[in-house]
Amino acid sequence: MIKNVIFDIGNVLLNFEPKVYVQSKIIEDKVEEIYDSIFKSEEWPMLDRGTISEEEAKANIINRKIENEDFINSVFENWYDILTPIESNVEVLEKLKEKGYKVFYLSNFHLAAFEYVIKKYDFFELFDGGVVSYKENLIKPEKEIYEKVIHNYKINPSETVFIDDMQENVQVAMKQGIKGIVLENTKNLRDELEKLSISI
């Protein structure tokens with residue numbers, strides 16, 4: 001029987017569509033270049049891992065693409081605004097908590113962005129705990145980050161389901177004995193939980 005539900009955050013509880021955001025900030029013919037320069041940079045996972053600050057990351061990216069400095073600065077300014085709640089899934093989180101499930105988060109996240117969202121959105125107060133990548137210097141799908149959440153909260157993997165939008169992240173959780181949901185469509189969360197006999 002499932003007693004614990006572990007949530008990824010991006011594209012499970014909060015929208016994260018960086019390319020759409022870049023399109024809203026940058027002239028059309030520069031969108032792909034600027035998107036790749038930032039969100040596909042070597043610095044982006046370093047931010048998740050907590051081994052570089054956002055200012056350092058931005059400076060490194062600008063140094064490589066100095067001709068795009070203004071565009072890069074524009075995208076970094078207020079980019080956290082794209083992290084908006086997926087209301088239907090926040091409601092699922094609330095219902096799970098009401099029904100007595102233990103709820104946790106396990107997410108790759110930058111320090112500054114995480115501090116921003118936990119202050120802005122009250123639903124983070126519902127969690128019984130969680131592990132975020134920058135604090136551990138680990139990122140999904142490294143197995144050690146899953147071991148952290150299991151160990152820290154004395155979770156029984158066989159009584160646990162992990163929800164993530166990326167297949168490779170769920171696969172590693174399942175290797176730890178955790179059941180998994182790959183959430184390809186954010187609207188399907190209730191249906192996916194019902195398949196595991198979790199009715200809310």
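No lab work stands behind these numbers, since they all come straight from the coordinates. Remember, it's a predicted structure, so these values are computed and weren't measured experimentally. FYI the Cβ positions are ideal-geometry reconstructions off the backbone, even for glycines, and counts take in every protein chain you see.
With only Lys, Arg, Asp and Glu charged, each at its Cβ (+1 for the first two, -1 for the last two), find how big the charge dipole of the chain is about the Cα centre; round to the nearest 20 debye.
Dipole of the chain, to the nearest 20 debye: 940 debye.
Quick one: if the Förster radius is 25 Å, what FRET efficiency do residue 174 and residue 152 give, using the C-beta to C-beta distance and rounding to 0.05?
Calculated value: 0.80.
Order these peptides, 143-156, 171-184, by their mean beta-carbon neighbour count within 10 angstrom, highest first.
171-184, 143-156
Taking Cα atoms, how many degrees apart are the long axis of helix 111-120 and the longest axis of the chain, rounded to 10 and kept between 0 and 90?
Orientation of helix 111-120: about 60 degrees from the principal axis.
Label region 143-200 by shape, choosing from rounded, prolate and oblate, from the square roots a ≥ b ≥ c of the eigenvalues of the Cα gyration tensor; if a/c is under 1.5 it is rounded, and otherwise prolate applies when a/b is larger than b/c, oblate when it is not.
Since a/c reaches 1.5 but b/c is at least a/b, the shape of region 143-200 is classed as oblate.
Separation of region 72-130 and region 1-52 by C-alpha centroid, Å?
14 Å
Below 8 Å, C-alpha to C-alpha, sequence gap of six or more: please give me the relative contact order for the chain in percent.
Relative contact order for the chain comes out at 29 percent.
What is the helix-to-structure angle for 87-98, meaning the angle in degrees between its Cα long axis and the longest Cα principal axis of the chain, kept from 0 to 90 and rounded to the nearest 10?
With rounding to tens, the tilt is 30 degrees.
Between the helical axis of 143-152 and the dominant principal axis of the chain, each derived from Cα atoms, what acute angle in degrees is found, rounded to the nearest 10?
The angle comes out at about 50 degrees.
Just to confirm a number: summing +1 for Lys and Arg and -1 for Asp and Glu over residues other than residue 4 whose beta-carbon lies under 13 angstrom from that of residue 4, what do you get?
Summing Lys and Arg as +1 and Asp and Glu as -1 gives +4.
Cα extents of the chain along the three principal axes, largest first, in whole Å?
Largest first, the chain extends 56, 30, 28 Å along its Cα principal axes.
When the chain is treated as a GNM, springs tying every alpha-carbon pair under 10 Å, which of 138, 47, 189 comes out with the largest mean-square fluctuation?
Answer for the Gaussian network model of the chain: 189.
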